[in-house]
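*Asks:* The structure under discussion is supplied below as structure tokens; questions concerning it will follow.
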Amino acid sequence: MVHETLAATNAIVTLDVPLPGIVWGWIITMNMWAKSIGTGIIFLTFFLLKKYPEQTGFIRFPSAAVSFVFIQIFLLFTVVDLHQMFRFWHIFAHPHLTSAITIGAWMATAFVGLLIGMLYAIYMKKDVAMYDKLLGWTTLLAIPVTLYTAGLMAEATARELWQMPTESAQMILAALLAGSATMILMGGNKFSDPIKKDLGLVLGFSAFAAFILYMSEYIFGGMKSEEVIATLAFVKGGEYTAMFWIGQVMAFLAPMALVCLSLKNQSYYLLKIAAVSALIGLWVSKHVWLVIPQLLNMS
């Protein structure tokens, strides 16, 4: 609604009208969750092929295929969330380079192009050297692709809980958590014990670091502003308390405990349980953290 017009500059001053309810819901949660798997599996593929080149060659095709599928899911839910979803091509034809979603869409498209190249190299040409060369560039691009959502959330006005530095760290840790969990499930018993141990360590340490970040915000976040205090009230005895702690236990605490038991007893079947728990819990944790700031009345 027009509030006033300044005659000297012909500028129109408008009043922002807050949208009631949750604007970013489970669709965006699916977006972030699928992106974490799609980029995370590339990080772990690069790591394993560099450290264990003779033992992990079989993962080249399935890892690229899994990444491609989950990046397509990520892009699908990105398009579905647009208010005019059939105009998504405007991102490319009429770009606004100050928008994180525009830059992210371009990078994700380039990422998909590299994945197609990797699949072509390994499946059609059987060219391992070409695959590995493309994998290096894909791994580099996976970093900004998984980080761009943090920039998008940081652009949201009056959302003090979504701070860029913290969200960036959470996005990288989510990718490592999801990537290691997916690799554990994908590789199964084909991996040797040292490889399973390394995957378990990546899963355990990423879960530990992510849990520390969440607890830091949970305990000390209220020092930022009154808005954060009001936001965290939804998980401190509010309607999302149970869901928040279910996510924390399944995504971080249970995987940490299962990884420790697995490594101590050299019983690596526990890693599969940890991987499933981490993937389910990551979705729940992401969803709670996405929703609770939107429950505040911004007017």
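*Asks:* Is there a residue being of a type in the set (F, W, Y), at pLDDT below 80, touching a Leu at 6+ places or on another chain (Cβ under 8 Å) and in a loop (DSSP other than H, G, I, E, B) anywhere in segment 88-101?
*Replies:* Yes.
*Asks:* How about segment 22-57: which of its residues are under 19 Å from A207 (Cβ atoms), among the β-branched types (V, I, T) and surrounded by 24 or more Cβ atoms within 10 Å (Cβ to Cβ)?
*Replies:* I37, T39, I41 - these are the residues of segment 22-57 that are under 19 Å from A207 (Cβ atoms), among the β-branched types (V, I, T) and surrounded by 24 or more Cβ atoms within 10 Å (Cβ to Cβ).
*Asks:* Which residue, of A100, A142, A108, is surrounded by fewer than 20 Cβ atoms within 10 Å (Cβ to Cβ) and either hydrophobic (A, V, I, L, M, F, W, C) or over 21 Å from N31 (Cα atoms) (or both)?
*Replies:* Being surrounded by fewer than 20 Cβ atoms within 10 Å (Cβ to Cβ) and either hydrophobic (A, V, I, L, M, F, W, C) or over 21 Å from N31 (Cα atoms) (or both) holds for just one of A100, A142, A108, which is A100.
*Asks:* Right, something else. So which of S168, S180 ends up being at pLDDT 95 or above, surrounded by 14 or more Cβ atoms within 10 Å (Cβ to Cβ) and in a helix (DSSP H, G or I)?
*Replies:* Result of the check over S168, S180: S180.
*Asks:* Out of all the residues in segment 116-136, is one or more buried (at least 19 other Cβ atoms within 10 Å of the Cβ) and within 24 Å of W26 (Cβ to Cβ)?
*Replies:* Looking for residues that are buried (at least 19 other Cβ atoms within 10 Å of the Cβ) and within 24 Å of W26 (Cβ to Cβ), one finds none in segment 116-136, hence no.
*Asks:* Hey, could you check segment 145-165 for residues that are buried (at least 17 other Cβ atoms within 10 Å of the Cβ) and among the hydrophobic types (A, V, I, L, M, F, W, C) and say which is farthest from T102 (Cα to Cα)?
*Replies:* L161
*Asks:* Here's another thing I want to ask about it. Exactly one of these conditions fails for I212: (1) at pLDDT 95 or above; (2) hydrophobic (A, V, I, L, M, F, W, C); (3) closer than 19 Å to M164 by Cβ; (4) in contact with a Leu (Cβ under 8 Å, 6 or more places away or on another chain). Give me its number.
*Replies:* Checking I212 against (1) at pLDDT 95 or above; (2) hydrophobic (A, V, I, L, M, F, W, C); (3) closer than 19 Å to M164 by Cβ; (4) in contact with a Leu (Cβ under 8 Å, 6 or more places away or on another chain), the one that fails is (4).
*Asks:* Answer yes or no as to whether L140 is at pLDDT 95 or above, in a helix (DSSP H, G or I) and farther than 19 Å from V69 by Cβ.
*Replies:* So L140 passes the test.
*Asks:* Moving to a separate point now. Residue under question is F244, and the condition is that it be more than 15 Å from I280 (Cα to Cα), of a type in the set (A, V, I, L, M, F, W, C) and out of contact with any Gly (no Cβ under 7 Å at 6 or more places or on another chain); does it hold?
*Replies:* Against the criterion (more than 15 Å from I280 (Cα to Cα), of a type in the set (A, V, I, L, M, F, W, C) and out of contact with any Gly (no Cβ under 7 Å at 6 or more places or on another chain)), F244 does not qualify.
The values are calculated or read from the model by the stated rules, or taken from the named source; none is laboratory data. Note that this is a predicted model, so its numbers are computed, not measured. Cβ atoms come from the backbone with ideal geometry, glycine included; neighbour counts cover every protein chain shown.
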